[in-house]
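The values are calculated or read from the model by the stated rules, or taken from the named source; none is laboratory data. Only a predicted model underlies this, so the values are computations on that prediction, with no experimental measurement involved. Cβ placement follows ideal geometry from the backbone for every residue including glycine, while neighbour counts extend to all protein chains displayed. Each accessible area value is taken on the protein alone, full model and side chains, heavy atoms only, with ligands, DNA and RNA left out. Shrake-Rupley method; radii C 1.70, N 1.55, O 1.52, S 1.80 Å.
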Amino acid sequence: MSVTFSLGPMPKWYFVNKNGKPLSGGLFNTYSSLTKQRKFVYSDPNGNFPYTNPANIDADGTLGPIYFKFDDTAPTDGYFIEVTDANGNLIWTVDPYFAPGSGGGGTTTTVLLV
């Protein structure tokens with residue numbers, strides 16, 4: 001069994017609200033793409049420091065770095081990501097999400113903008 005932690009495509013992620021302004025106070029929710037149970041992301045490449053789940057998006061609309069955990073015994077278990085504003089209103093989702101260089105095997109990523 002091999003567990004790896006892959007850095008997302010940007011060291012810091014930038015989130016905007018539906019008006020294109022920084023998503024101050026927004027929430028970054030992460031779940032298993034297979035079970036929809038909460039699945040942590042981490043602030044370090046060794047997986048020692050998980051973010052809270054949901055993670056709070058900073059006042060300037062940023063969060064990161066974000067390291068995603070992948071286990072080679074479950075290569076199709078990516079992340080279901082849900083971003084909401086501070087009031088819980090859905091901004092966007094991605095299901096499944098696989099960080100660059102992680103497992104996946106033949107699925108596509110779909111982004112839902114609402």
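Pull up the range 3-57, narrow it to residues that are among the polar types (S, T, N, Q) and open to solvent by less than 50 Å² (accessible area, probe 1.4 Å), then point me to the one that is farthest from Tyr67 (Cα to Cα). Step through it out loud before you land on a result.
Step one: of the range 3-57, the residues among the polar types (S, T, N, Q) are 4, 6, 17, 19, 24, 29-30, 32-33, 35, 37, 43, 46, 48, 52-53, 56.
Applying the additional criterion that residues be open to solvent by less than 50 Å² (accessible area, probe 1.4 Å) yields 6, 17, 29-30, 32-33, 43, 53.
Numbers: Ser6: 5, Asn17: 23, Asn29: 14, Thr30: 12, Ser32: 14, Ser33: 16, Ser43: 6, Asn53: 13 Å.
Among residues in the range 3-57 that are among the polar types (S, T, N, Q) and open to solvent by less than 50 Å² (accessible area, probe 1.4 Å), the one farthest from Tyr67 (Cα to Cα) is Asn17.
Sort through Leu90, Leu112 and tell me the only one that's open to solvent by 40 Å² or more (accessible area, probe 1.4 Å), within 14 Å of Lys18 (Cβ to Cβ) and at pLDDT below 90. Break it down into steps so the answer makes sense when it comes.
On the way: Leu90 fails: at pLDDT below 90.
Of Leu90, Leu112, the one residue that is open to solvent by 40 Å² or more (accessible area, probe 1.4 Å), within 14 Å of Lys18 (Cβ to Cβ) and at pLDDT below 90 is Leu112.
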Exercise. Are there any pairs with C-beta distances below 8 angstrom linking a residue in the range 7-36 that is under 20 Å from Phe49 (Cα atoms) to a residue that is aliphatic (A, V, I, L, M) and open to solvent by 20 Å² or more (accessible area, probe 1.4 Å), with the two at least 6 apart or on different chains, and if so which?
Worked result: Leu27/Ala86
For this session: Might you check whether a residue that is in a loop (DSSP other than H, G, I, E, B), free of Cβ contacts under 8 Å to residues at least 12 places away in the same chain and open to solvent by 20 Å² or more (accessible area, probe 1.4 Å) occurs anywhere in the range 60-78?
Result: no
Seminar exercise, completed: Matching residues in the range 78-95 (of a type in the set (D, E, K, R) and in contact with a Phe, Trp or Tyr (Cβ under 8 Å, 6 or more places away or on another chain)) number 2
